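Input: a single structure, listed below in structure tokens.
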Amino acid sequence: MGFDSDKESECMTEIIMNTLRPTRNARNLRLKDGKWYIDFTYKGKRIRKFGGFTKDQARITLARMRIEKLDETLGVRKPAAEPIVFEKFAAAFLETYCKQNKRSWGRDEISLGNLKRFFKGEILQDIGPEQLERFKAERKLEVSPSTVNRELACFKTMFNKAVEWGKLESNPIRAVKKFKENNPRERILTTEEARRLIDAAAPAIRPVLIIALNTGMRRNEILKLNWANVDFHRGYINIEDSKSGKPRKIPMNGSVSSALMGLPHVADFVFFNPETKTHVYDHLYFPKMIKADYPG
């Protein structure tokens, strides 16, 4: 759509030139924490926004925004974006980003499932800070603040990707704050406390506790442990797929060796689902093992 008159065209040119003129532009740019922000007033309304990482980038952003405001005045608007349904984009985000880039994508899948309970059917463009604050308040009644924070972080990342992929112009929930977490102070069990913990545990979970207490292995490293990585002859457990991405060798003491030798060797995994012969998932299957007093 063109301009209706030469006067409007001149107005556009003046806006661009004034914006790109450093002396005129300086008062509308602010440097904060290594980033440049634009700050100007349009029709009595103050507009503040991230402009770029350099002053020149901020000048260009300011010019673009002023042109957009002029377009609004002239009735020139770009076509409205196609509505994006939350669960459709969440599925694309999981498949395209999480599964391809994150080893912990399973945690994201759980977070997105919980978010879907609240936002199913919602249009992504219509979700803002108010809806997210309501989600936080309701979700906090069900789970701990740290769990809510993980889900909030997942949601923010999803919105950032929507901006990066050109689906949204900005992330409206970036300023929503996480809950303050009261992390308990770390305390190391005494030898007597460790013995009592193992004695009180269900038989199925005792080997897991013995390995954890004697090796310091992570929970998922234990639950995904493969017999091929247990070297009784040399006295080592080989962790090929560690959180850092580097293999590790963990020495076994007598307690760990005895606990492992007492387990049935009938599947590839040390701790396995008898129905599928795959490794167990702590949040899905492991509680069933304890309840059923699974042999171990």
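Each value in this text was obtained by applying a stated rule to the coordinates, not by laboratory testing. Quick caveat, the model's predicted, so the values are computed rather than measured. Note that we place each Cβ from the backbone using ideal geometry, even for glycine, and neighbour counts take in every protein chain shown.
Some notes on this structure:
- Look at where the Cα atoms of segment 120-168 and of segment 80-115 average out, and the two centres are 11 Å apart.
- Within segment 254-283: backbone nitrogen closer than 20 Å to the ASP231 label point (7 Å, Cα to C-beta): 254-261, 269-270
- Relative contact order of segment 118-245, defined on C-alpha pairs under 8 angstrom at six or more residues apart (%): 16 percent
- Pairs from the table (LYS136/LYS180; LYS99/LYS120; LYS88/LYS178; LYS156/LYS246) lying more than 18 angstrom apart at Cα are LYS99/LYS120; LYS88/LYS178; LYS156/LYS246.
- Each of HIS233, HIS279, HIS265 was scored by other Cβ atoms within 10 Å of its Cβ. Listed from fewest to most, they are HIS233, HIS265, HIS279.
- Sequence-distant lysines (8 or more away, or on other chains) whose Cα lies within less than 29 Å of LYS43: LYS7, LYS32, LYS35, LYS55, LYS69, LYS78, LYS167
- Sites GLU192 and LYS102 - FRET efficiency at Förster radius 35 Å, r taken between beta-carbons, to 0.05: 0.30
- Sum of side-chain charges, LYS120 neighbourhood, beta-carbon under 12 Å (Lys, Arg +1; Asp, Glu -1): +1
- Compactness relative to 2.2 N^0.38 Å, alpha carbon Rg of segment 93-154: 1.14
- Between GLU240 and LYS167, the C-beta separation translates, for a Förster distance of 35 Å, into a calculated FRET efficiency of about 0.40.
- Distant alpha-carbon pairs in segment 191-291 (separation over 17 angstrom), percent: 51 percent
- Taking label points 7 Å from Cα along the Cα-to-Cβ direction, LYS43 and LEU31 give a separation of 3.4 nm.
- Neighbour cut-off at most 16 other Cβ (10 Å), DSSP loop, GluC sites (Glu not before Pro), segment 173-203: GLU181, GLU186
- The relative contact order of segment 86-164, computed from alpha carbon pairs under 8 Å that lie at least 6 residues apart in sequence, is 40 percent.
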